[in-house]
Amino acid sequence: GARILMVHASPWQPFDGYVTPQSRDFRRIADLPYDYVILGHTHMAMVHEAGSVTVINPGSCAEPRDRDPRGSYAVLDLAQRRVDIHRFSQD
């Protein structure tokens with residue numbers, strides 16, 4: 001029953017825009033008709049609440065750009081409505 005939008009970068013034109021943890025675009029995302037917006041492009045892992053919309057960026061397994069050298073991925077548990085970012089060493 002969750003409404004999910006998955007995009008590579010931004011959910012509006014230009015579709016290659018950056019949504020970063022410091023983005024002003026969260027106000028726009030809060031108005032979208034989704035429960036979760038999953039995006040990437042920045043290689044910066046984050047979970048952010050924008051109104052009733054949870055914004056998820058899993059980060060990057062090979063090229064993290066959020067000052068943490070470890071790779072990252074996200075797990076979305078829809079039954080519990082929970083998101084976890086996991087980090088791992090790239091040794």
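The values are calculated or read from the model by the stated rules, or taken from the named source; none is laboratory data. Source: prediction; values computed, not measured. Positions of Cβ are backbone-derived with ideal geometry, glycine not excepted, and every protein chain shown enters the neighbour counts. Please note that ligands, DNA and RNA were not included when accessible areas were found on the heavy atoms of the full protein model with its side chains. Shrake-Rupley method; radii C 1.70, N 1.55, O 1.52, S 1.80 Å.
Where the centre of each part is set by its Cα atoms, how far does region 42-91 sit from region 1-23, in angstrom? For region 42-91 versus region 1-23, the Cα centre distance is 14 Å.
What is the sum of charges, Lys and Arg at +1 and Asp and Glu at -1, for the other residues whose Cβ falls under 14 Å from the Cβ of Cys61? Once all neighbours under 14 Å are counted, the net charge is -1. For Ala9, the residues whose amide H sits under 5 Å from its own are Gly40, ignoring neighbours fewer than 5 places away on the same chain, with H placed 1.01 Å from N. Surface composition of the chain: carbon plus sulfur atoms contribute 49% of the solvent-accessible area (1.4 Å probe, protein chains only, all chains present).
What the chain shows is 63 Å² of accessible area per residue, with the surface traced by a 1.4 Å probe over protein heavy atoms.
Counting heavy atoms of the protein chains alone, Ser60 has an accessible area of about 10 Å² for a 1.4 Å probe. The charge dipole of the chain, taken about its Cα centre with unit charges on the Cβ atoms of Lys, Arg (+1), Asp and Glu (-1) only, comes to about 160 debye. Overall shape: oblate for the chain, with the ratio a/c of the largest to smallest alpha carbon gyration tensor axis at 1.5 or above and b/c at least equal to a/b. Only helices enter the 222 nm calculation for the chain: every DSSP H run of n ≥ 4 contributes -39,500 (n - 2.57), and dividing by all residues gives -1000 deg cm²/dmol, rounded to 500.
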